[in-house]
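Below is one structure; the comments refer to it alone.
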Amino acid sequence: MTTIEEIAESRPHLQEALGLFKKMKTFEGLVQHTSLFEAGAAAYSPESVDTVFESFTSAFDIPEDFLSPLKEAVKLGRIDFTRLPMNETPAFSLPYHEDELQTILFMIGKPFFVSLRNSLRVDTAFRPEGRCPVCKARPSLAFLHQDSGRTLFCSYCGFSGQWQRIGCPNCQNRGPRGLEINEIEEETGFRIDLCNECGSYVKTVNAGLLESYSPELIDIISIPLDILAQGKGYRRHSPNPIGIMTIF
């Protein structure tokens with residue numbers, strides 16, 4: 001597998017994003033052996049909150065005081081993490097900008113969703129309506145396989161599952177007039193599937209690239225495709241691995 005350092009060297013324009021992703025993996029590693037939640041819970045267990053936030057501030061070198069209001073809200077059970085994949089942020093006020101809060105919650109919540117995926121037995125497919133069977137998130141990344149099959153990847157919990165080859169997973173539009181494909185000459189194996197019915201897009205990648213990169217790294221490598229799609233007015237429905245939904 002290609003390392004983060006090798007990618008950063010060959011793609012210097014992605015160094016900042018890759019640096020944040022490396023910190024994310026450090027954070028996940030710090031809490032991987034921690035018991036994070038009980039079955040059926042909608043958030044971290046109160047006993048694990050201190051460890052989660054201490055690990056996060058350590059990995060990202062953030063002053064602990066900056067996240068104190070959010071940490072207190074999580075301890076009090078006021079944050080329902082299971083609502084985040086539906087793009088629902090807390091209804092009460094917190095001292096963060098809306099986009100900033102969405103990014104922080106995604107990043108802090110990642111170990112919760114990975115633990116949720118590991119605790120459940122789910123089918124090998126995305127739901128017919130295009131949502132992840134683990135956390136109900138909508139996909140922004142897909143992989144095409146040699147057998148003409150397509151799998152969707154969930155950026156929240158990391159679940160990957162089959163879905164129909166043709167159609168928009170965000171609105172179930174099967175076109176063809178409403179669907180548009182953009183390929184990038186400079187990025188072999190990458191394309192953007194645009195839906196003119198709902199205005200969303202899914203980055204679609206040759207599955208052979210998974211031999212060299214993880215799905216998360218592929219999402220970061222293909223940030224230029226996000227810029228292209230969003231520049232045309234299309235939107236993604238789930239954050240990338242460093243918690244960013246809107247690139248500009």
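The values are calculated or read from the model by the stated rules, or taken from the named source; none is laboratory data. Because the structure is a prediction, the values reported are computed rather than measured. Cβ coordinates were reconstructed from backbone atoms using ideal geometry, including for glycine residues, and neighbour counts include every protein chain displayed.
Sort out which residues of segment 141-172 are under 15 Å from R235 (Cβ atoms) and more than 16 Å from the chain's Cα centre (by Cα), and write them in order of number.
Taking segment 141-172 first, the residues under 15 Å from R235 (Cβ atoms) are 141, 155, 168-171.
Listed by number, the residues that qualify are C168, C171.
Could you pull out the residue among R150, R121, R191, R138 that is at pLDDT 95 or above, charged (D, E, K, R) and within 27 Å of G40 (Cα to Cα)?
On the way: R150 fails: within 27 Å of G40 (Cα to Cα); R121 fails: at pLDDT 95 or above; R191 fails: within 27 Å of G40 (Cα to Cα).
Sole residue among the options that is at pLDDT 95 or above, charged (D, E, K, R) and within 27 Å of G40 (Cα to Cα): R138.
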It is to be established whether one or more residues within segment 170-184 are touching a Cys at 6+ places or on another chain (Cβ under 7 Å), in a loop (DSSP other than H, G, I, E, B) and of a type outside the set (S, T, N, Q). yes
For segment 86-142, what are the residues that are touching a residue at least 24 places away in the same chain (Cβ under 8 Å), charged (D, E, K, R) and under 30 Å from E64 (Cα atoms)? D99, K110, R117
